Every structure is written in structure tokens, then in C-alpha cells.
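**Q** Right, I'll just put the structure down here and ask away after.
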Amino acid sequence: MAFLTLGALAQLGKASPWSPQMEAWSSAPTPVEYVKSRTPLQLQGALLVQYKQCRNCHSLNGAGGRRGPALDDVATRLTRDQLIRQVLQGGGNMPAYGNHLKPAEVTALVAFLETLHPRHEPAQHNPEQPLRP
């Protein structure tokens, strides 16, 4: 009975939405539509999403982890400053990555994340900062 209980709990833990998908980074490449017509800096950020294993917890286009929120429309929820703070300091379920990313990597990652919003919805804007072209 103990082995049956442990087996059932292990299976539930593996399939639960709060558990990171540890193979997501290698099995789910960034969809092409997310990297089309991007600047070199934004493309570098897309690569970082892949290589830093963000998709173990976050999904893009329905593929990837379910522990964190989907990144498909993250730019409609968070401003640039909020994205930087979230990456560096973490919060909620997300750990802080300030000690694991170089400043240039944070810049590239946030540049890519800022592109993730539906075409018909603008990205969030910090009212204290002027709009960029």
C-alpha cells in the first residue's frame, strides 16, 4: 500500500500544473512567429528565453511549462520597468535571476518580452518615460 501511495503521489507531482517542465527548454523551440521581424537585440532575448530555461515554467504559444504565467501577452500586463524588476527580483512563484544574468542579458531578454503582445493590443507603457518609436 505504501508503494502504491508513493507511486500515485509521484505521478500526480509530475503531471501537476505547478511542477516545472524540466524538458520544455529543449523540446519546445521558440515559435517562428515570435522571432519574425525582430531586431538583433530582441532575437538575442528570444535565445535567452530558450537557453536560460524560462520555458520550464512559462509557455509560449501553449508549449512549455504551466507553473508561471504564459508569456504570449506579458507586454500587455507589465511595463518595461516591471519586466526588469520581475526578472531581477522575482516575485510570486518566480525566483530572482539578478545574480544569474548579466546586465546585457537582462536588456536583451526584456527587449524580447516587450514584443510579446497581440497585434491589436499595445504594450504597457510607463507614463514617466517617453514613448519609443
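**Q** Please label the shape of region 20-113 as rounded, prolate or oblate, based on the square roots a ≥ b ≥ c of the eigenvalues of the alpha-carbon gyration tensor (a/c under 1.5 means rounded; beyond that, a/b larger than b/c means prolate, else oblate).
**A** Rounded, since a/c falls under 1.5.
**Q** In what order do SER37, SER59 fall by count of nearby beta-carbon atoms within 10 Å, going from fewest to most?
**A** Values: SER37 7, SER59 20.
The most exposed by this proxy come first: SER37, SER59.
**Q** Here is a further query. Once the piece of chain linking MET1 and ASP73 is laid out straight, how much longer is it, given 0.36 nm per residue of separation minus the C-alpha distance between them?
**A** 21.4 nm
**Q** Shifting gears a bit: Could you please rank VAL87, VAL106, placing first whichever residue has the fewest other Cβ atoms within 10 Å of its Cβ?
**A** VAL106, VAL87
**Q** Read phi for every residue in region 77-91 and hand back ³J(HN,Hα) as whole Hz from Karplus 6.51 cos²θ - 1.76 cosθ + 1.60, θ = phi - 60°, with x for Gly and Pro.
**A** Values per residue, Gly and Pro as x: 9, 10, 7, 4, 4, 5, 5, 4, 4, 4, 5, 6, 9, x, x Hz.
**Q** Which ³J(HN,Hα) values in Hz, rounded to whole numbers, follow from the phi angles of region 2-8 under the Karplus curve 6.51 cos²θ - 1.76 cosθ + 1.60, where θ = phi - 60° and Gly and Pro get x?
**A** 5, 5, 5, 5, 4, x, 5
**Q** Return MET94, MET1 ranked ascending by Cβ neighbour count within 10 Å, so the fewest neighbours appear first.
**A** On the way: MET94 16, MET1 5.
Ranked by crowding around the Cβ, least crowded first: MET1, MET94.
**Q** Residue by residue through region 50-58, which ³J(HN,Hα) values in whole Hz follow from phi under the Karplus form 6.51 cos²θ - 1.76 cosθ + 1.60 (θ = phi - 60°), with glycine and proline marked x?
**A** Once θ is set to phi - 60°, the couplings for region 50-58 become 6, 6, 8, 6, 4, 7, 5, 10, 10 Hz.
**Q** Can you tell me the relative contact order of region 20-113? Whole percent, Cα pairs under 8 Å, sequence separation 6 or more. Present the calculation step by step, with values, prior to reporting the outcome.
**A** Numbers: 120 pairs, mean separation 30.3, N = 94.
Worked out over region 20-113, it gives 32 percent.
Since every read-out is calculated from the coordinates, none of them should be taken as a lab result. On a predicted model such as this, the values are computed, not experimentally measured, just so you know. A quick note on method: Cβ atoms are made from the backbone with ideal geometry, for glycine too, and the neighbour counts reach across all protein chains shown.
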